[in-house]
Every structure is written in C-alpha cells, then in structure tokens.
Amino acid sequence: QQQRSLQQLLELTKRFYVAQKYEQLGKKLEELAMRQDDQSKKNDTDNKKADQDALNEEYKEWEKELRELEKENNSLMEAMDLEFDPQESDEIKRDQQQASEDLEKQNSKSAQPKQKSAAQKMKQQAAAMKQNMAQMEGESIEEDIEMLRQVLDNLVLFSERQEDVLVAVKAMKRNSPNLSKSLKSQKDLESSFKHVDDSLFALSSRNPKIGKDVNKQVLDVYYYMKKSLEQLADLDLNRGQV
C-alpha cells in the first residue's frame with residue numbers, strides 16, 4: 001500500500017509541477033509581451049538595440065523552458081494535453097531579429113512595426129496557452145468521470161460474478177467434481193480484477209481525490225481472492241467462503 005501511495009504521490013506531484021509551470025510560463029510571456037510593446041513605443045533615442053537584443057534573448061530562454069517542460073510532460077504516465085509548439089515562435093524571433101538589425105542601422109521607424117508585431121504575437125501565444133489550460137482541465141474532469149463510471153460498472157459485474165462463485169461453493173461438498181470449475185472461475189475473477197485495478201491506479205495517479213482509501217480496498221480484494229484460492233484448493237471450503 002505504501003509503495004502504491006508513493007507511486008501515485010510522485011505522479012500527482014509531477015503533474016502538478018507541469019500544470020503550474022505551464023501557467024507560470026504563460027504569465028511570463030504576457031509580461032514579456034508588455035515590455036516588448038513598451039519598447040516599440042519608445043522614441044528614436046530610447047529605442048536601443050541593446051534593449052531589443054535583451055528581449056530577444058529573453059524570448060529564446062522562455063522558449064527553451066517551454067521545450068524542457070514538454071519533456072517533463074512526456075515523462076508522465078499519461079501526458080497532459082497541452083500545447084508545446086506555438087506556431088508563432090519562429091515569426092516572433094524573426095520580427096525581433098529584424099528589429100535589432102534595423103536598430104543597429106539606427107532606423108527606429110522601421111524597427112517599431114516589427115517590435116509591435118512581435119509583442120502582439122506574444123500576447124496571442126499567452127492567450128492561447130491560457131485557453132489551452134482551461135480546456136485541458138475541463139476535458140480531464142470529463143474523462144475522469146467517464147472512466148469512473150466504467151470502473152463502477154465493471155465492479156458491479158465483478159461483485160455479481162464473485163457472488164455466483166460463492167453460492168456455487170456453498171452448495172458443494174469437499175469431494176464435489178465441480179470444485180475445479182469454481183476454482184477456475186475464482187482465478188478468472190482474480191485476472192479480471194487486474195483490469196479494474198489498472199483503471200483505478202491510472203485515475204488516482206492524476207486525481208488526488210481517488211487515493212488512500214481506494215488503495216486499501218484494492219489491496220484487500222487482492223488479499224482475500226488469493227486466500228480464497230488457497231483455501232478452496234486445500235478443500236477448506238468454509239474458510240474459503242469466508
């Protein structure tokens with residue numbers, strides 16, 4: 001149980017980091033867009049190449065952080081559906097570079113439209129990231145609800161089949177030829193429960209509300225199925241039923 005809980009905690013922590021970092025990068029891009037926009041409004045004297053070069057480097061560093069976060073996201077058990085490849089990135093870098101070249105020639109009037117264009121595209125990028133985050137959260141909740149519905153359906157079927165095996169064993173005597181059939185049914189149930197467990201584990205690894213209590217119940221089910229198989233195989237039918 002501790003091992004399962006630690007695995008789930010690690011996965012939840014990694015998912016939380018990716019989501020928070022993605023949100024922070026969106027805000028960082030908004031702030032960078034504002035400073036790029038301010039730079040485009042400066043007069044010929046204050047609109048300096050060194051300042052534009054610094055903004056160029058900041059955007060490249062921002063893009064590098066986004067790429068590194070994409071690797072973190074891909075390392076998750078189930079990657080989050082976030083946009084890590086903004087189409088405008090190359091255009092922004094091109095606008096910024098052209099602005100720097102114009103400022104090097106002391107042509108501020110020519111640089112300003114490119115600076116303005118870069119700022120506008122950054123704002124669009126930041127807005128798209130915010131929208132992507134909100135959409136992903138909504139879709140994730142819907143997916144979790146649907147998966148939980150399926151798990152519940154499977155658990156009901158599983159419990160009904162377990163009841164059938166129990167009823168069959170109760171009607172048996174120790175030397176009954178049908179015992180092998182019930183043993184096989186019990187073993188099949190153990191295998192089918194693994195699919196339920198896999199779904200629950202995946203769900204709890206991205207949703208903290210499915211946690212410790214569920215883990216305990218899952219492990220209890222495994223324990224009692226194993227014990228029942230052992231006891232039925234040893235012809236200890238009464239304890240196997242319990």
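Restricted to Cα atoms, region 142-242 shows a radius of gyration and a Dmax of 15.5, 51 angstrom.
By the rule of a C-alpha distance below 22 Å, with chain neighbours fewer than 8 residues away ignored, the lysines paired with residue 173 are 181, 184, 187, 226, 227. Here region 91-215 is treated with +1 on each Lys and Arg Cβ and -1 on each Asp and Glu Cβ, and its dipole about the Cα centre works out to around 220 debye.
Computed over the chain, the range of Cα coordinates on each principal axis works out to 100, 27, 23 Å, biggest value leading. Between the listed residues 202, 177, 147, the Cα displaced farthest toward the positive end of the dipole of region 120-238, a dipole computed from Cβ unit charges relative to the Cα centre, is found at 202. The charge dipole of the chain, taken about the Cα centre with unit charges on the Cβ atoms of Lys, Arg (+1) and Asp, Glu (-1), comes to about 940 debye, rounded to the nearest 20. Peptides 158-165, 34-41 ordered by packing proxy, namely the average of other Cβ atoms within 10 Å per residue, highest first: 34-41, 158-165. Taking Lys and Arg as +1 and Asp and Glu as -1, the other residues whose beta-carbon sits under 13 Å from that of residue 82 total -4.
When peptides 75-81, 110-116 are sorted by average Cβ neighbour count within 10 Å, with the highest value leading, the order is 110-116, 75-81.
Temperature 25 °C, viscosity 0.890 mPa s: under these conditions the Stokes-Einstein estimate for region 1-144, based on its Kirkwood radius over C-alpha pairs, is 147 µm² per second. For region 151-159, 3J(HN,Hα) computed residue by residue from phi via the Karplus equation (6.51, -1.76, 1.60; θ = phi - 60°) reads 4, 4, 4, 5, 5, 4, 4, 4, 5 Hz, glycine and proline entered as x.
Residue ranges 25-32, 2-9 sort as 25-32, 2-9 when ordered by packing (mean number of other C-beta atoms within 10 Å per residue, highest first). Please give me the summed charge of the neighbours of residue 4: other residues whose Cβ is under 15 Å from its Cβ, Lys and Arg +1, Asp and Glu -1. With Lys, Arg at +1 and Asp, Glu at -1, the net is -1. Ranking 42, 170 from most to least accessible surface, computed with a 1.4 Å probe over the protein chains only, gives 170, 42.
For the chain, the residue among 3, 241, 32 whose Cα projects farthest onto the positive side of the dipole built from Cβ charges is 241.
With the cut-off at 18 Å, tell me which of the pairs 71/130; 28/121; 93/123; 28/64 have Cα atoms farther apart than that. Pairs exceeding the cut-off: 71/130. Based on protein heavy atoms only, region 175-224 ends up with 60 Å² per residue of surface accessible to a 1.4 Å probe. What residue among 129, 113, 96 has its Cα farthest toward the positive end of the dipole of region 75-200, where the charges are +1 on Lys, Arg and -1 on Asp, Glu, each on the Cβ? Positive-end residue among those listed: 129. Taken about its Cα centre, region 132-191 carries a charge dipole of about 1040 debye when Lys and Arg each add +1 at the Cβ and Asp and Glu each add -1 at the Cβ.
The values are calculated or read from the model by the stated rules, or taken from the named source; none is laboratory data. What you see is a predicted model; the values in this text were computed from it and never measured. Cβ coordinates were reconstructed from backbone atoms using ideal geometry, including for glycine residues, and neighbour counts include every protein chain displayed. These accessible areas exclude ligands, DNA and RNA; they are computed on the full protein's heavy atoms, side chains included. Shrake-Rupley method; radii C 1.70, N 1.55, O 1.52, S 1.80 Å.
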